[in-house]
Amino acid sequence: MSPEASPLLIREQWPAISGMTRGLLWSFVPARLKSRLRDEQAVLEQTIEPASRKLVDAYVAWTGAPAERYADTLPAHFFCHYGMNMVASLTSLAPCNMLKVVNQGCRLRYSEELPRDEPLRLRGQLVDCRQDGQRLRVHSRIEVGTARHPGLMSVDTLAAVMRGPSQSRRKPAAAETHWEELGEWSADRHDGQRFFFLTGDFNPIHTLWPVARLSRFGGCILHGFGTLARSFEVIRDAGHAIGDFDARFVKPNLLPSGPNTVAVGRTADAEGYRPLRLTTPAGDVLLGGRFAAGDKR
């Protein structure tokens, strides 16, 4: 029987919950003051104690991965549990309200998987914060490793804040891709709450239906990292090695969701990358990007 994403696991999520709350409060500091403080706090460092095996087992089961795949290691996307505290702290340094931040994508690059039972050392930096048309774009990078092996993985997170009506841009015609469908996954209306129990991401747009119904989505949407994690594991199930996973959150994943289809390009480009995408039964693209077998740092 697979481990359950129990509400009792919230007891392990206090660091993430408190960190995200501090980030939210810090985002209300006046922009001029934050601009002066940003250089002083450009690099953050943190040591994270190992998560319990019960939590990691439940997380792995939720993603659909076989238990033996991560018997002694952590999935690369488990960053959503131990790393989002620091992401929130870095994003809050930008001159914006955290309630208006929209996650746009994430890139995971690693030379080997992190061990389960060792403290993790994080070193993060706000790489870029710039106005792009009507959007403020925020780019953070966090290096993750252990005392013995620093810098095993890097995580780039991308977010944006709309500051006016969106401007339509003509996109260049994309080269035709021949897709290979690898598998499907679905999520029910409670999966946003389960992901909160597993990661500590309490955003009501993912977890509280009465609040989410008042949003422009009309209901709860699945966390971007949750969409990424399940798609990542479908690709692994198909026998593909992954050392560099670069994904963009194209459309909100409204719950319940699926069956959603994970597909990859039949051929790799000159650098060894294959395109990837996740589509709904109606053909809408929820997740797009590319992946490669090796770490391309």
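The values are calculated or read from the model by the stated rules, or taken from the named source; none is laboratory data. Since the structure is predicted, the reported quantities are computational estimates derived from the model, not experimental observations. Cβ coordinates were reconstructed from backbone atoms using ideal geometry, including for glycine residues, and neighbour counts include every protein chain displayed. For accessibility, only protein heavy atoms count, side chains too; no ligands or nucleic acids. Shrake-Rupley method; radii C 1.70, N 1.55, O 1.52, S 1.80 Å.
For the reader, a short list of remarks on this structure follows.
- Length gained when the stretch residue 284-residue 251 is fully extended (0.36 nm per residue, less Cα-Cα span): 11.1 nm
- The share of accessible area on the chain that comes from carbon and sulfur is 52 percent, using a 1.4 angstrom probe.
- Inter-label distance for residue 217 and residue 11, nm, one decimal - labels placed 7 Å from Cα along Cα-to-Cβ: 3.0 nm
- For the chain: rounded, prolate or oblate by the Cα gyration tensor [a/c cutoff 1.5]: rounded
- 1.4 Å probe accessible area per residue over the chain, in Å²: 50 Å²
- With K and R counted +1 and D and E -1, the other residues having a Cβ less than 14 Å from that of residue 201 yield a net charge of -1.
- Gain on full extension, evaluated as 0.36 nm per residue between residue 293 and residue 67 minus their Cα-Cα distance, stands at 79.2 nm.
- Relative contact order (percent, whole number), the chain, Cα cutoff 8 Å, 6+ residue spacing: 19 percent
- Whole-number percent relative contact order across the stretch 63-151, with pairs defined as alpha carbons under 8 Å at least 6 apart: 29 percent
- In the chain, helices alone account for a calculated mean residue ellipticity at 222 nm of -7000 deg cm²/dmol, with every DSSP H run of four or more residues adding -39,500 (n - 2.57).
- Potential extension, residue 52-residue 186 segment - 0.36 nm per residue separation minus Cα distance: 45.6 nm
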